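Undergrad: Input: one structure, supplied below.
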Amino acid sequence: VLSHNLCTVLNVPHDPVALEEHFRDDDEGPVSNQGYMPYLNKFILEKVQGNFDKVEFNRMCWTLCAKKNLSKSPLLISDEDAFKVWVLFNFLSEDKYPLIIVPEEIEYLLKKITEAMGAGWQQEQFDHYKIALNTSREGLSAWELIDLIGSGQFSKGMDRQTVSMAINEVFNELILDVLKQGYMLKKGHKRKNWMERWFVLKPNIISYYVSEDLKDKKGDIILDGNCCVEALPDKDGKKCLFLIKCLDKTFEISASDKKKKQEWIQAIQSTVSLLRAGSPPPHKEARQKRKELRQKLQAEQEELERQMKELQAANENKQKELETVRKQLEAAAARAAEEEKKRLQTQVELQDRFSLELEREKMVRQKMEEQVAQKSSELEQYLQRVRELEEMYKQLQEALEDEKQARQDEETVRKLQARLLEEETAKRAELEKWHLQQQQTIQMTEAEKQELENQRMMKEQALQVAMEQLKQLELERKEALEQYEEVKKKLETAANNTKSWKDKVAHHEGLIRLIEPGSKNPHLITNWGPAAFTEAELEQRQRSWKGKKATSE
């Protein structure tokens with residue numbers, strides 16, 4: 001039955017023998033869609049010549065699928081309008097299975113229907129719908145498109161009749177190739193009377209009917225590239241006239257107003273221009289351009305995706321390189337952390353060493369202070385002794401003069417020497433007494449030293465508490481060093497002065513001597529204190545005086 005009806009609608013002769021041969025009984029079960037398609041292509045579709053009613057063909061296909069797929073929920077459009085939307089879907093859908101209509105074609109169709117209803121296009125509303133649609137799928141099926149238009153989402157405020165008329169107008173334009181239609185007056189060829197007719201302009205023909213229901217067709221105006229249309233002046237009480245010239249006939253037509261006249265003239269001229277150029281109807285050409293644009297965009301998208309994949313691959317390689325670099329950085333960071341740990345350990349060791357050095361330096365500083373105090377005391381004693389030596393030097397000079405005068409009286413000198421020896425003995429006894437006092441003083445100094453040692457231990461304990469005052473102590477250490485340098489310079493100056501005194505004493509024939517550690521031999525004591533000469537030196541001088549005296553006698 002399906003094959004017979006298809007052959008009838010498509011004007012193809014039906015061959016029941018080929019049908020029986022193709023679908024002979026076998027053990028593979030019932031016929032499937034895949035099994036019917038080879039027969040449909042070979043014995044029906046390949047024989048189609050194109051001289052069939054496409055609307056009737058679409059209606060038959062609609063009858064086969066509408067009952068199963070059409071939504072059972074109430075719609076704002078009739079079944080006839082749903083059929084026309086289904087046909088529009090087949091015209092605008094993509095050329096691949098399963099058929100879908102992409103958002104761009106949905107927008108085009110809804111715009112056409114909205115313009116036909118005389119309403120304003122709600123672009124923002126459709127953009128929201130398009131965003132929601134793109135997140136879930138690539139497009140809509142025929143039944144989803146019927147539900148969308150039938151739901152009234154984009155025709156709010158419009159009644160069913162207005163929506164139906166808009167769908168019918170878009171259907172006539174896109175499917176029936178109706179470029180323009182409307183009532184006008186036509187002048188007859190035989191009776192020359194004017195009759196109102198319903199004109200329908202298509203890409204290669206103008207058909208006119210008694211009324212717009214298209215049931216009573218009165219004739220056709222065949223259009224080709226040789227046809228032309230001209231505006232005529234008003235005559236015989238008729239206005240808005242224009243003339244359509246064909247090869248065999250000429251048609252005089254009167255429009256209802258000047259606007260309609262101009263619209264029909266422009267529409268017919270555009271149609272003739274398309275016939276001359278061999279171009280398809282505008283809506284088909286626009287559909288082809290949109291399709292080519294989508295294909296171009298798709299190719300660009302694919303190229304972009306390919307580039308993105310390449311970039312992604314390159315990015316992955318970069319990520320791997322970055323991961324390698326990151327691992328290297330982590331290893332370097334670990335090494336740096338280890339080095340930092342070692343550095344901190346070294347710093348702690350250096351700090352401990354610095355603390356020890358600081359303690360040793362403090363001890364050295366204390367010793368230096370003690371030495372400085374001792375040296376200062378020794379310096380004072382030395383200076384006092386130098387003054388005594390200067391005075392003694394003067395006295396020795398006077399003694400030398402007296403000695404020159406006393407050479408003649410040796411006996412007197414010997415007595416004087418004996419007296420000096422007695423005085424020196426007394427002085428020695430006094431020095432021994434001073435030595436005992438010095439020993440007692442040393443014992444007292446040892447006690448003070450022990451007390452200082454205890455104080456040093458207390459200071460060492462206080463040092464641990466006073467680590468926070470390290471900077472202040474460092475400043476004090478620097479000041480102490482500066483003071484030490486000043487004392488050192490003073491000691492060097494005193495040493496130079498002492499050296500100069502040693503030179504002076506050496507030039508005076510050794511009559512006076514600097515304070516030096518005495519020998520272990522017992523010292524002579526004079527009335528001025530300890531003797532300046534040892535016993536051996538005094539004997540040597542006595543022998544020298546005796547020799548000089550013997551020489552002078």
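Undergrad: For the range 393-406, give me each residue that is surrounded by 12 or more Cβ atoms within 10 Å (Cβ to Cβ), among the polar types (S, T, N, Q) and closer than 21 Å to Lys546 by Cα.
TA: Passing the criteria: only Gln397.
Undergrad: Which of the residues belonging to the range 70-90 are open to solvent by 50 Å² or more (accessible area, probe 1.4 Å), under 17 Å from Arg160 (Cβ atoms) and at pLDDT 85 or above? Talk me through it step by step, then tell me what you get.
TA: If we filter the range 70-90 for residues that are open to solvent by 50 Å² or more (accessible area, probe 1.4 Å), which is where we start, we get 72-74, 76, 79-80, 90.
Narrowing the set further to residues that are under 17 Å from Arg160 (Cβ atoms) leaves 73-74, 76, 79-80.
Within the range 70-90, Asp79, Glu80 meet the criteria.
Undergrad: Condition first: open to solvent by less than 70 Å² (accessible area, probe 1.4 Å) and more than 60 Å from the chain's Cα centre (by Cα). Can you find one or more residues in the range 281-289 that meet it?
TA: Looking only at the range 281-289, we keep the residues that are open to solvent by less than 70 Å² (accessible area, probe 1.4 Å), and these are 281-283, 285-287.
In the following step, the residues that additionally are more than 60 Å from the chain's Cα centre (by Cα) were identified as none.
Checking the range 281-289: not a single residue is open to solvent by less than 70 Å² (accessible area, probe 1.4 Å) and more than 60 Å from the chain's Cα centre (by Cα).
Undergrad: Would you confirm whether any residue within the range 256-272 is over 18 Å from Phe199 (Cα atoms), in a helix (DSSP H, G or I) and not assigned by the TED database to the domain that holds Phe171?
TA: First, the residues of the range 256-272 that are over 18 Å from Phe199 (Cα atoms): none.
No; the residues of the range 256-272 include none that is over 18 Å from Phe199 (Cα atoms), in a helix (DSSP H, G or I) and not assigned by the TED database to the domain that holds Phe171.
Undergrad: Does His22 qualify as being in contact with a helix residue (DSSP H, G or I) (Cβ under 7 Å, 6 or more places away or on another chain), surrounded by 13 or more Cβ atoms within 10 Å (Cβ to Cβ) and at pLDDT below 80? Give the steps one after another, and end with the answer.
TA: Values: in contact with a helix residue (DSSP H, G or I) (Cβ under 7 Å, 6 or more places away or on another chain): yes; surrounded by 13 or more Cβ atoms within 10 Å (Cβ to Cβ): yes; at pLDDT below 80: yes.
Against the criterion (in contact with a helix residue (DSSP H, G or I) (Cβ under 7 Å, 6 or more places away or on another chain), surrounded by 13 or more Cβ atoms within 10 Å (Cβ to Cβ) and at pLDDT below 80), His22 qualifies.
Undergrad: Of all residues in the range 345-377 being over 19 Å from Lys478 (Cβ atoms) and basic (Lys, Arg), which is nearest to the chain's Cα centre (by Cα)?
TA: Restricting to residues being over 19 Å from Lys478 (Cβ atoms) and basic (Lys, Arg), the top hit is Arg353.
Undergrad: Out of the residues in the range 377-392 meeting the condition of being surrounded by 14 or more Cβ atoms within 10 Å (Cβ to Cβ) and touching a residue at least 12 places away in the same chain (Cβ under 8 Å), tell me which one is farthest from Lys449 (Cα to Cα).
TA: Met392
Undergrad: Anything in the range 56-70 that is among the charged types (D, E, K, R) and more than 16 Å from Leu10 (Cα to Cα)? List them, or say none.
TA: Within the range 56-70, the subset among the charged types (D, E, K, R) is 56, 59, 67-68.
Of everything in the range 56-70, those that are among the charged types (D, E, K, R) and more than 16 Å from Leu10 (Cα to Cα) turn out to be Lys67, Lys68.
Undergrad: Inspect all residues belonging to the range 132-142 and state whether any of them is of a type in the set (S, T, N, Q), under 30 Å from Ile206 (Cβ atoms) and open to solvent by less than 40 Å² (accessible area, probe 1.4 Å).
TA: Start the filter on the range 132-142 by keeping residues that are of a type in the set (S, T, N, Q), which leaves 134-136, 141.
From what's left, under 30 Å from Ile206 (Cβ atoms): none.
No, there is no match, as no residue in the range 132-142 is of a type in the set (S, T, N, Q), under 30 Å from Ile206 (Cβ atoms) and open to solvent by less than 40 Å² (accessible area, probe 1.4 Å).
Undergrad: Being closer than 30 Å to Ile221 by Cα and in contact with a Phe, Trp or Tyr (Cβ under 8 Å, 6 or more places away or on another chain) is true for just one of Arg287, Arg276. Which residue is that?
TA: Details: Arg276 fails: in contact with a Phe, Trp or Tyr (Cβ under 8 Å, 6 or more places away or on another chain).
Selected residue: Arg287, the only one of Arg287, Arg276 that is closer than 30 Å to Ile221 by Cα and in contact with a Phe, Trp or Tyr (Cβ under 8 Å, 6 or more places away or on another chain).
Undergrad: Going by what's in this entry, would Ala166 be described as surrounded by 14 or more Cβ atoms within 10 Å (Cβ to Cβ) and either among the charged types (D, E, K, R) or in a helix (DSSP H, G or I) (or both)? Please lay out each step first, then the result.
TA: Numbers: surrounded by 14 or more Cβ atoms within 10 Å (Cβ to Cβ): yes; either among the charged types (D, E, K, R) or in a helix (DSSP H, G or I) (or both): yes.
It is true that Ala166 is surrounded by 14 or more Cβ atoms within 10 Å (Cβ to Cβ) and either among the charged types (D, E, K, R) or in a helix (DSSP H, G or I) (or both).
Undergrad: Looking only at the range 50-68, which residues are polar (S, T, N, Q) and at pLDDT 85 or above? Walk me through how you get there before you give the answer.
TA: As a first pass, look at the range 50-68 and keep what is polar (S, T, N, Q): 51, 58, 63.
Within the range 50-68, Asn58, Thr63 meet the criteria.
Undergrad: Residues to consider are Val170, Val178, Val163; find the one that is within 23 Å of Ser78 (Cβ to Cβ) and touching a strand residue (DSSP E or B) at 6+ places or on another chain (Cβ under 7 Å). Talk me through it step by step, then tell me what you get.
TA: Working: Val170 fails: touching a strand residue (DSSP E or B) at 6+ places or on another chain (Cβ under 7 Å); Val163 fails: touching a strand residue (DSSP E or B) at 6+ places or on another chain (Cβ under 7 Å).
The unique qualifying residue is Val178.
Undergrad: Could I ask something else about it? Considering (1) touching a residue at least 60 places away in the same chain (Cβ under 8 Å); (2) within 26 Å of Lys186 (Cβ to Cβ), say which one Val272 fails and leave the rest.
TA: Looking at each condition in turn, Val272 falls short on (1).
Undergrad: What do you reckon, is Arg137 part of a loop (DSSP other than H, G, I, E, B), assigned by the TED database to the domain that holds Trp264 and among the charged types (D, E, K, R)? First the steps, then the outcome.
TA: Working: part of a loop (DSSP other than H, G, I, E, B): yes; assigned by the TED database to the domain that holds Trp264: no; among the charged types (D, E, K, R): yes.
No: the conditions fail for Arg137.
Undergrad: A further question follows. Please go through (1) at pLDDT 80 or above; (2) over 23 Å from Arg365 (Cα atoms); (3) surrounded by 12 or more Cβ atoms within 10 Å (Cβ to Cβ) for Arg414 and return the number of the only condition it doesn't satisfy.
TA: (1)
Undergrad: Looking at the range 268-280, which of its residues are crowded, with 16+ Cβ neighbours inside 10 Å and touching a strand residue (DSSP E or B) at 6+ places or on another chain (Cβ under 9 Å)?
TA: Ile268, Thr271, Val272
Undergrad: Also, I was wondering about something else. How about the range 229-255: which of its residues are open to solvent by less than 60 Å² (accessible area, probe 1.4 Å) and outside any loop (DSSP other than H, G, I, E, B)?
TA: Within the range 229-255, the first condition is being open to solvent by less than 60 Å² (accessible area, probe 1.4 Å), and the residues that meet it are 229, 232, 238, 240-244, 246, 251-255.
Matches in the range 229-255: Val229, Leu232, Lys238, Leu241, Phe242, Leu243, Ile244, Phe251, Glu252, Ile253, Ser254.
Undergrad: Continuing with this model, one more query. Only residues in the range 236-255 that are free of Cβ contacts under 8 Å to residues at least 60 places away in the same chain and assigned by the TED database to the domain that holds Gln266 count as the first member; pair them with residues that are assigned to a strand (DSSP E or B) and open to solvent by 70 Å² or more (accessible area, probe 1.4 Å), Cβ under 8 angstrom, at least 6 apart or cross-chain, and list the lot.
TA: If the second residue must be assigned to a strand (DSSP E or B) and open to solvent by 70 Å² or more (accessible area, probe 1.4 Å), the pairs left are Leu241/Lys235; Phe242/Glu230; Leu243/Glu230; Lys245/Glu230; Cys246/Ile222.
Undergrad: Filter the range 430-451 for residues that are among the hydrophobic types (A, V, I, L, M, F, W, C) and either touching a Leu at 6+ places or on another chain (Cβ under 7 Å) or open to solvent by 90 Å² or more (accessible area, probe 1.4 Å) (or both) and give the result. I'd like the intermediate steps shown before the answer.
TA: Of the residues in the range 430-451, the ones among the hydrophobic types (A, V, I, L, M, F, W, C) are 431, 434, 436, 442, 444, 447.
Listed by number, the residues that qualify are Trp434, Leu436, Met444.
The values are calculated or read from the model by the stated rules, or taken from the named source; none is laboratory data. Small disclaimer: the values here were computed from a predicted structure and weren't measured. Ideal geometry is used to build each Cβ from the backbone, glycine not excepted, and the neighbour counts take in all protein chains shown. Ligands, DNA and RNA are stripped out before the accessible areas are found, and what is left, the full protein with its side chains, is counted by its heavy atoms. Shrake-Rupley method; radii C 1.70, N 1.55, O 1.52, S 1.80 Å.
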